[in-house]
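All of the numbers you see were taken from the coordinates with simple rules; none came from a lab. Small disclaimer: the values here were computed from a predicted structure and weren't measured. Every residue, glycine as well, gets a Cβ built from its backbone with ideal geometry; the counts of neighbours run over all protein chains shown.
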Amino acid sequence: MTLDIPIIAFSLQVAFVATGVTLPIGLITAWLLVRKDFRGKFALDVLVSLPLALPPVVVGYVLLWIIGTHGWVGQLSHWLFGSTLAFTWFAAVLASSVVSFPLVVRSFTVALAGVDPRLEVAAKGLGAGSLRTFLTVTLPLAQRGVIAGVLLGFVRALSEFGATIIVAGNIPGRTQTVPTAIFTRISSGDTNSAWRLAIVSLVLGVIALGVHNWLLNRPRSPIGSGSTRLGSPPL
Amino acid sequence: MICIASVVACNGSGKGDVPLIFVAASLSDVVGEAADLYEAETGNSVEFSFGGSIMLANQIAELGAPADGFFFVGDNPVLILRKAGMYSDNNSAIGLGNKLVAIAPSDHRSVTSLEELVAEAPRVALGDPGLAPVGIFTQKAFESVDLWDDVSKDAIFALDARAAMAAVQSGNADYGIVYKTDAISSDDVSIVYEIQESYPRIEYVGWKIANASQSDAAADFFTFIASSQKTRNLFGTAGFNFVSPAANNQ
């Protein structure tokens, strides 16, 4: 039992950091996809969604070729630090971030799209800049959807297996997460300890999804939804 | 919150001076105990990653895994490291021997040949020859009596010898072909036949990875294993006999 705690703690750390990374990048990407039109928007949308459509082992293999000994990032880090970032906690965070990114962006896109753009226009009309508008008008109105997206990204990051095992390995004590540890235990016939960790995963998943669904299903306040009518009622 | 998580994550995983040794799955129990003895006597700890030797050798040589030492079985994994310039023959390396056996759940009767075993049309669990040398030895043994095609049709190809044994323990396979040392270590399976059909000599080689960051610490661990009477007894009781690493000369 005591051997489980470091693995669970490491998994949670990796998921927290991965979520911390995907939150700002995801918000910017979602905002671009919802509010802006530009050349290459279609390509960006496809690129962002790609990790969802690929087998996670492929995502992991691509990442390994970038940050491992053969890739340009790997060669750079070899030159700077004497070793690559593959098979480290950084690689585990990278794997989790990349696979959870599409889910996060999709949730954020829905959340931002539900904010009436006329409110943003009104705010800018009153003198607020783009950033201030985003932070003080858009984000608060989208907050439930954003939080739900963060939760979804977190639970996805926590449960990543294929990409993690390829680019971070499954090194006990260094890069072994809950999913990869469960795999090792199943493979070596250690069924009781495999079940222990599986139950931990189950509980974490149920809690996260429960909160996620509750956030999204609560009755919406009338302010900020696209159907609000602005201005005074017709005379 | 993010900053704290980042700092905590950094501190938690950068174990600077502990050597990381990649070890064949069949050695997992005995090497773990040897590491406990090593830590008790010297205060130094060692970290391990266990798996099929070929899979681990590829991780080190091709994928850049940060191993400081290795303890592999068979020619292929050592050759992979040699080609990558990470190992060259030397007399300080540790050599161990092992034997191949057929196992079945505990109450099974013995058999006297592979032919007898295959005639029962069983589901056999064995190591995947692409990942673990135990699979290669198994394949050679079956090929020497022309039974490989028959048995490989419905066989369970496992990641390593331990996974093959787990398949037998769980009842998913009728027989398993694993190392004698694996069979000895488990109470849930028994040896039904010590394979007499011919296969290459099974040899383990253990030594440091050249130019790894903690290779000296890894070498220190191997020297301890070879010289300490306690660890030599540990390996002997588990069924491994020490040999001089003749694999060096191949």
For this session: Give me the percent of DSSP beta bridges within the protein assembly as shown that run antiparallel, rounded to the nearest 5.
Result: 60 percent
Problem set entry | Shielding by other protein chains, B:162-171, mean Cβ within 10 Å | 3
For this session: Go through A:99-105, A:81-87, B:222-228 and give me the packing order, highest mean Cβ count within 10 Å leading.
Result: A:99-105, A:81-87, B:222-228
Seminar exercise, completed: Summed over the other residues with a beta carbon less than 13 angstrom from that of B:ARG201, with K and R at +1 and D and E at -1, the charge totals 0
For this session: Would you mind giving the mean number of other chain beta-carbons within 10 Å of the Cβ of each residue in A:68-75, as a whole number?
Result: 2
Problem set entry | Selected from A:ALA91, A:ILE7, A:ALA113, residue furthest toward positive end of dipole (segment A:1-140; charges at beta carbon) | A:ALA113
Exercise. Using alpha-carbon pairs under 8 Å, 6+ residues apart, how would you state the relative contact order of segment B:32-111 in percent?
Worked result: 19 percent
Problem set entry | Surrounding net charge for B:LEU56, when Lys and Arg each add one and Asp and Glu each subtract one, Cβ distance under 12 Å | -2
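Packing-wise, with mean Cβ within 10 Å as the measure, how do A:35-48, B:23-36 rank, highest first?
Top to bottom by mean Cβ count within 10 Å: B:23-36, A:35-48.
Once you average over the residues of A:9-19, how many Cβ atoms of partner chains fall within 10 Å of each Cβ?
Numbers: counts 3, 4, 0, 3, 9, 3, 1, 7, 8, 1, 3.
Whole-number average of other-chain Cβ neighbours for A:9-19 is 4.
Report, for segment B:100-194, the % of DSSP beta bridges that are antiparallel, rounded to 5.
On the way: 9 of 15 bridges.
Bridges in segment B:100-194 are about 60 percent antiparallel.
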Problem set entry | Cross-link table B:LYS83/B:LYS153; B:LYS83/B:LYS180; B:LYS83/B:LYS208, entries beyond 24 Å C-alpha to C-alpha | B:LYS83/B:LYS153; B:LYS83/B:LYS180
Exercise. What does the charge count near B:GLY171 come to, summing +1 for each Lys or Arg and -1 for each Asp or Glu among other residues with Cβ under 12 Å from its Cβ?
Worked result: -1
Seminar exercise, completed: From the Cα centre of segment A:88-106 to that of segment B:45-110, the distance in Å is 32 Å
